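The values are calculated or read from the model by the stated rules, or taken from the named source; none is laboratory data. In this text the structure is predicted, and so the values were computed from the model without any measurement. Cβ placement follows ideal geometry from the backbone for every residue including glycine, while neighbour counts extend to all protein chains displayed. Calculation scope for accessible area: heavy atoms of the full protein, side chains included, ligands and nucleic acids excluded. Shrake-Rupley method; radii C 1.70, N 1.55, O 1.52, S 1.80 Å.
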Amino acid sequence: MDEIVKQIGLKNNCTFCGVFRRQALDRGAMQMDVNMILTGHNADDIAETVIMNLLRGDIARLTRCTAIITGAEGTLPRAKPLKYAYEKEIVMYAYFKKLDYFSTECIYSPNAYRGYARTFLKDLESIRPRCIIDILHSGENFAVKSSVKMAVQGLCSRCGFISSQEVCKACILLDGLNRGLPRLAVAGKIKKVNRVFAVSTSQRSVESASGDSGSPLTDDKQKPEAEVA
């Protein structure tokens, strides 16, 4: 993450971390030949996700973020066994049983979108203690019209791992990093990333064929080219 933050800054780094972490779980699970991934998401996490997806208008994620099992139609489903457990209950249990657990926030997420949703949720909880479970139940009962087109889970055409798009988010982000265009990759503008890269490649080919770089910079001062995956 240190190298990623140097390129993208502190605003969108959680996108990279989340996407790469999820695919790392998938890759590790497949290497170990497991048949299901169990995650530690609790009621607080899911309520935050409901709020985030609602504010973003992300219907696809909103309809599945409260499901206790997702991806059941694929080869590697995921389950959230702690779905109805509050975060404070889990912490108290871990403390009572003297279990090791992480209690510090990531140093790279001071401006994370989820952080604002968490603060909002905690403010609500101080007024209405049961708001977390209420939001969770509300998310479970959201209904989407049958006419709304939903994403279908498939496989990435590049890496072959699970994706709801032709090219998975992990490949798009990695491509953007290697081409020096991480912000376009975060926005999911893979076509624009490819177009920018194609134009720069074409220009270098023309310059190479003519023997003229078209730049007043000397060779030892020219900017390094973007690394290509």
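Structure notes:
- Scanning region 5-50 for residues that are in contact with a Lys or Arg (Cβ under 9 Å, 6 or more places away or on another chain) and hydrophobic (A, V, I, L, M, F, W, C) yields I8, C14, V19, L25, M36, I37, L38, A43, I46.
- Search result, residues across region 59-73 that are touching a residue at least 24 places away in the same chain (Cβ under 8 Å) and either among the acidic types (D, E) or part of a helix (DSSP H, G or I) (or both): I59, A60, L62, T63, E73
- Yes/no for G180 being assigned to a helix (DSSP H, G or I), open to solvent by less than 60 Å² (accessible area, probe 1.4 Å) and either touching a Leu at 6+ places or on another chain (Cβ under 8 Å) or more than 24 Å from I51 (Cβ to Cβ) (or both): no
- Hey, Q153 open to solvent by 40 Å² or more (accessible area, probe 1.4 Å), at pLDDT below 80, under 23 Å from H41 (Cα atoms) and not small (G, A, S) or not: yes
- Condition check for S126: within 18 Å of the chain's Cα centre (by Cα) and more than 22 Å from L38 (Cα to Cα): no
- Options K11, K6: the member that is assigned to a helix (DSSP H, G or I), out of contact with any helix residue (DSSP H, G or I) (no Cβ under 7 Å at 6 or more places or on another chain) and open to solvent by 30 Å² or more (accessible area, probe 1.4 Å): K6
- Members of region 94-108 that are surrounded by 13 or more Cβ atoms within 10 Å (Cβ to Cβ) and closer than 24 Å to F16 by Cβ: C106, Y108
- Any hit, region 74-93, residues being surrounded by 16 or more Cβ atoms within 10 Å (Cβ to Cβ), in contact (Cβ under 8 Å) with a residue 40 or more places away in the chain and assigned to a strand (DSSP E or B): yes
- Whichever residue in region 14-52 is more than 28 Å from D134 (Cβ to Cβ), in a helix (DSSP H, G or I) and not hydrophobic (A, V, I, L, M, F, W, C) and, among such residues, is most open to solvent (accessible area, probe 1.4 Å): Q31
- Only a single criterion out of (1) modelled with pLDDT of 85 or more; (2) under 16 Å from E140 (Cα atoms) is not satisfied by D26, namely (2).
- Flag if M1 is aliphatic (A, V, I, L, M), open to solvent by 20 Å² or more (accessible area, probe 1.4 Å), modelled with pLDDT under 85 and more than 30 Å from V148 (Cβ to Cβ): yes
- Residue within region 53-67 that is aliphatic (A, V, I, L, M), open to solvent by 60 Å² or more (accessible area, probe 1.4 Å) and out of contact with any helix residue (DSSP H, G or I) (no Cβ under 9 Å at 6 or more places or on another chain) present: no
- Contact map, region 131-153: residues that are closer than 16 Å to A67 by Cβ and outside any helix (DSSP H, G or I) paired with residues that are open to solvent by 60 Å² or more (accessible area, probe 1.4 Å) and among the charged types (D, E, K, R), Cβ distance under 9 Å, separation 6+ or inter-chain. Pairs shown: Q153/E73.
- Candidate set: region 109-146, residues that are among the small types (G, A, S), modelled with pLDDT under 90 and surrounded by fewer than 16 Cβ atoms within 10 Å (Cβ to Cβ); chosen: the one farthest from H41 (Cα to Cα): S146
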